[in-house]
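J.: The structure is given below, and queries will be raised subsequently.
The values are calculated or read from the model by the stated rules, or taken from the named source; none is laboratory data. Note that the coordinates shown come from a computational prediction; the quantities given were computed from them, not determined experimentally. Positions of Cβ are backbone-derived with ideal geometry, glycine not excepted, and every protein chain shown enters the neighbour counts.
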Amino acid sequence: MTQFDLTPFYRSSIGLDRMAHLMDSLAKTTQGPSQPNWPPYNIEKEGEATYRITMAVAGFSDAELEITLHEQVLTITGIQPEENDEGREILYRGIAARQFERRFQLDDFIHIKSAELKDGLLHIHLVREIPEAMKPQKIEINSAGQLLDINERKKAS
């Protein structure tokens, strides 16, 4: 039987977790190809409609980070200026000063609430805001035999 690994789907989508859980329960899989694993990050569900992406960006200042949202794709970019090593000899370079770009596909009604950089961690807070027109509506049943327009009843209440 063919199995699918949905780990890459979880790593790059926000708000689509219900569908992912359903697909994940239908097919458990082995590890497949994934995005580069730097910088490390977490995706957390904080509440019924709130999410948070936490990304470890040690060594980056807020001026060196850029967060953009275009067509429901959240892109986080880190660009550090080239270091001038003149006058010093580096014996061992264990701290990576590499640039990165990480993309996340957001669901239609996911919006960015805020972003903060604290102690080398970038926190991006997201919220799902479903428009009133998209929410389920309770329709009253009229047993008196009168035809009532649903929109007129909404205006009256």
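J.: Within region 1-16, is even one residue modelled with pLDDT under 90, in a loop (DSSP other than H, G, I, E, B) and under 14 Å from Ile110 (Cβ atoms)?
T.: Yes: region 1-16 contains one or more residues that are modelled with pLDDT under 90, in a loop (DSSP other than H, G, I, E, B) and under 14 Å from Ile110 (Cβ atoms).
J.: Of the conditions (1) modelled with pLDDT of 85 or more; (2) surrounded by 10 or more Cβ atoms within 10 Å (Cβ to Cβ), Ala63 clears all except one; give me its number.
T.: (2)
J.: If you take the residues in region 90-121 that are of a type in the set (Asp, Glu) and free of Cβ contacts under 8 Å to residues at least 24 places away in the same chain, which one is surrounded by the most Cβ atoms within 10 Å (Cβ to Cβ)?
T.: Glu116
J.: Assess whether Glu101 counts as being at pLDDT 90 or above, among the acidic types (Asp, Glu) and closer than 14 Å to Gly15 by Cβ.
T.: For Glu101, the condition - at pLDDT 90 or above, among the acidic types (Asp, Glu) and closer than 14 Å to Gly15 by Cβ - is not met.
J.: Hey, among the residues in region 88-143 that are assigned to a strand (DSSP E or B) and among the aromatic types (Phe, Trp, Tyr), which one's nearest to Thr50 (Cα to Cα)?
T.: For region 88-143, the residue satisfying everything is Phe104.
J.: Also, quick follow-up: Which numbered condition trips up Thr77, out of (1) farther than 18 Å from Arg128 by Cβ; (2) out of contact with any strand residue (DSSP E or B) (no Cβ under 6 Å at 6 or more places or on another chain)?
T.: Condition (2) is where Thr77 drops out.
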